[in-house]
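> Here's a structure for you.
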Amino acid sequence: MISLTLPVLIPLTTGLLSYVTPKTRPWQICLSLAGSLGLLLQSLYLFSQVADGTILSTTFGGWTAPFGIVFVADILSATLVVVTGLMVFVASLYAYFDIDQKRLDYGFISFLHFMTCGICGAFLTGDLFNLYVWFEVMLITSFALLSLGSDKYQLYGCLKYISLNLIATVLFLSAIGMLYGVTGTLNMAHTARRIQAVNDPFIIDMISIFFIVAFGIKSAIFPLFFWLPASYHLPPVTVSAFFAGMMTKVGVYALLRIFTLIFTTHLDFSNSLFVGIAGFTMVSGVLGASVQFNIRRILSFHIISQIGYMIMGMAIFTVNSLSALLFFLFHNIIAKSNLFFISGIIARATGSFSLKKIGGLYRASPGMSILFFIPAFSLAGFPFLSGFWAKFSLIKSGIDTQHWWLVGAALFTGLFTLFSMTKIWSQAFWKPHPVSPPQPHVGWDVLPCTLLAVITLIMGLFPQYLFRITDQAALQLLQPQRYIKAVLSEGTYQDLQR
Amino acid sequence: MEIVIPLLAAVLTTFGVYLMMNTNMVKFLFGLILFSNAANVIIFSAGRLTVGHPPFIPKGHEVPLTDVANALPQALILTALVIGFGLLSFALVLAYRAYQEIGTLDIDDFECTDLDKTDETGDPL
């Protein structure tokens, strides 16, 4: 079952190779592109293996399922690995134009790929403690990427980021310890089976709170999101964009996995919590964004409000809402990273990220304006762009289950997202530049943005294909028995014998 | 005797959280060290405690003869300790680096990254 482990091995090898190759731009970027392309192709192959609904599972070190560490791929994991491969490919492409020589010398490409390794591991593992380890791999490399270059402001942001994330780590570890104390196992599928026999709802609820807080800090929910807007606008644009796309989504994935697989016995409790969290996260994120004038800070606050939409999908907890959540997740990873990439181009063209100091871009380079228009208005939920379908299906599932407050909050948030996007549009593109009009933008750095914009367009024009996948993934999530069987069945054992 | 270990976790958490509420970054990190060790103690006690029965299997046998200590939590703690050590040493080095760069480690004295001040003084491009 090498296809399950390759998504971790490929970035690991790429990262190691980039240490020993010359630190010149063409070498590093070509290596990074090759590695990420390999990851993308491998993950597509993995997806083709699980697309029909089979759940692949493999064990390590010759220990059978509940004892050894397992890697499991269902549709959700496989699609997320595909998106990770795509994002790291685009990020490497953009890094060619964005990352300075100093950071390349310090091993930027290595850290990028080690982080990808951690992300893929977290998506694929079927073991709680192993999940903790992958989170740590991701975390330590994200520290390195954030502080690399050690600009003064980067250090400020990185300290805040580190402090809050380390607290999340400790809480996650305690939660694993307590869950182990109650069930006596660390394998997720085995835990899911064992937890049925625990009759004490108080203990279960307490442990689930620990998980919510730990993953909540990682995924930046209300009121635990303060590390995000303090740090995401400070590192180089490539780092911001990759973090904005992937980091918080790993937290959402972990929440989704834990609450569809393990804590399924007290869903009333966790879902009622998620209703509150979702509403407050959406509204506080979007209100935070509306007072900002730095493009990257506006976008950072919007990450928070969009995490709220995803938590809303979990709060409603039907097939439709989970499917909408996943659609939103994919749409958001692509559109949000793209906006960060474009913010870098805007800053290079006009000299600043601050909306008060820039302008005149529409006159100077109308092509790039269209490039901004697509992800920005997709994020706001304009019809026939991917965000419209994501929000439409989420809100529809909310109406179907009569979560009126959530639906109201989601619509309100959508309106204010539109406000923020039109703010950037009118300030950066329409308004004349306060000092000197920018030159027409020429350069290949629009290539990664175009790639992502085309994907957003395709997702918006032909949403049915992606919805077919997310529907299946949501169905799988709501039938945890299949996951448990795939991990604990004899199938794994026979696989080992071969 | 089992109650001692949870009490230890409680004491570590208390002092850890107290230190973490300090505005000085170094004290915060020291608090975090205590707090993360509380998590390790929690894992240790979650594996059920036994006194004086190390998990050894006598020669010629395939399973231990009596009830022995649970070896898994100890392995987990070992892993968590190593990871925690790495993270905390990185954080301490970063704090030192920040001290060199900024001249203070008091969070109240930091210029706030949450404000838009950054791009006045050269937001990294």
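The values are calculated or read from the model by the stated rules, or taken from the named source; none is laboratory data. Keep in mind that what you see is a predicted model, and the values were worked out from it rather than measured. Note that each Cβ is placed from the backbone with ideal geometry, even for glycine, and that neighbours are counted across all protein chains shown.
> Test each condition in (1) within 12 Å of chain A (Cβ to nearest Cβ); (2) over 27 Å from B:Phe110 (Cα atoms); (3) aliphatic (A, V, I, L, M); (4) touching a helix residue (DSSP H, G or I) at 6+ places or on another chain (Cβ under 9 Å) for B:Leu8 and report the one that comes out false.
(1)
> Looking at region A:347-363, which of its residues are within 8 Å of another protein chain (Cβ to nearest Cβ) and within 10 Å of A:Gln427 (Cβ to Cβ)?
Within region A:347-363, A:Ser354, A:Lys357 meet the criteria.
> Then there is this: I'd like the residue in region A:140-171 that is of a type outside the set (S, T, N, Q) and in a loop (DSSP other than H, G, I, E, B) and, out of all such residues, is nearest to the other protein chains (Cβ to nearest Cβ).
Step by step, filter region A:140-171, then rank; the result is A:Asp151.
> Give just the number: which of (1) surrounded by fewer than 16 Cβ atoms within 10 Å (Cβ to Cβ); (2) among the hydrophobic types (A, V, I, L, M, F, W, C); (3) touching a helix residue (DSSP H, G or I) at 6+ places or on another chain (Cβ under 7 Å) does B:Ala46 not satisfy?
It is condition (1) that B:Ala46 fails.
> Among the numbered conditions (1) away from chain B (no Cβ under 12 Å); (2) over 14 Å from the mean Cα position of the chain (by Cα); (3) more than 26 Å from B:Ala95 (Cα to Cα); (4) surrounded by fewer than 24 Cβ atoms within 10 Å (Cβ to Cβ), tell me where A:Ser92 comes up short.
It is condition (4) that A:Ser92 fails.
> With the checklist (1) in a helix (DSSP H, G or I); (2) closer than 30 Å to B:Tyr96 by Cα; (3) within 12 Å of chain A (Cβ to nearest Cβ) in hand, flag the one item B:Phe30 doesn't pass.
All conditions pass for B:Phe30, except number (3).
> Looking at A:Phe293, A:Phe280 in this structure, which one is among the aromatic types (Phe, Trp, Tyr) and either under 20 Å from the mean Cα position of the chain (by Cα) or away from chain B (no Cβ under 14 Å) (or both)?
A:Phe280
> At the interface with another protein chain (Cβ under 8 Å from one of its Cβ atoms) and at pLDDT 90 or above: is that true of B:Phe90 in this structure?
Answer is yes for this residue.
> Same structure, new question: Being within 22 Å of A:Leu86 (Cα to Cα), more than 14 Å from every other protein chain (Cβ to nearest Cβ), surrounded by 24 or more Cβ atoms within 10 Å (Cβ to Cβ) and of a type in the set (Gly, Ala, Ser) is the requirement here; does A:Ser300 meet it?
In short, no.
> Does B:Gly52 fit the bill of being more than 21 Å from A:Ser147 (Cβ to Cβ) and within 12 Å of chain A (Cβ to nearest Cβ)?
Criteria not met by B:Gly52.
> Picking from A:Leu139, A:Leu131, A:Leu159, A:Leu166, which residue would you name as being farther than 21 Å from A:Pro229 by Cα and not polar (S, T, N, Q)?
A:Leu131
> Out of region A:172-185, which residues are surrounded by fewer than 22 Cβ atoms within 10 Å (Cβ to Cβ), touching a residue at least 12 places away in the same chain (Cβ under 8 Å) and at the interface with another protein chain (Cβ under 9 Å from one of its Cβ atoms)?
A:Met178, A:Val182
> Moving on. Out of A:Ser77, A:Ser32, report the one residue that is closer than 20 Å to A:Phe341 by Cα, among the polar types (S, T, N, Q), in a helix (DSSP H, G or I) and touching a residue at least 24 places away in the same chain (Cβ under 8 Å).
Checking each option against the conditions leaves just A:Ser32.
> Which pairs turn up if I take residues in region A:448-472 that are among the acidic types (Asp, Glu) and look for partners that are buried (at least 21 other Cβ atoms within 10 Å of the Cβ) and assigned to a helix (DSSP H, G or I) with beta carbon separation below 6 Å, at least 6 apart in sequence or on another chain?
Pairs that qualify, where the first residue is among the acidic types (Asp, Glu) and the partner is buried (at least 21 other Cβ atoms within 10 Å of the Cβ) and assigned to a helix (DSSP H, G or I), are A:Asp471/A:Ser323.
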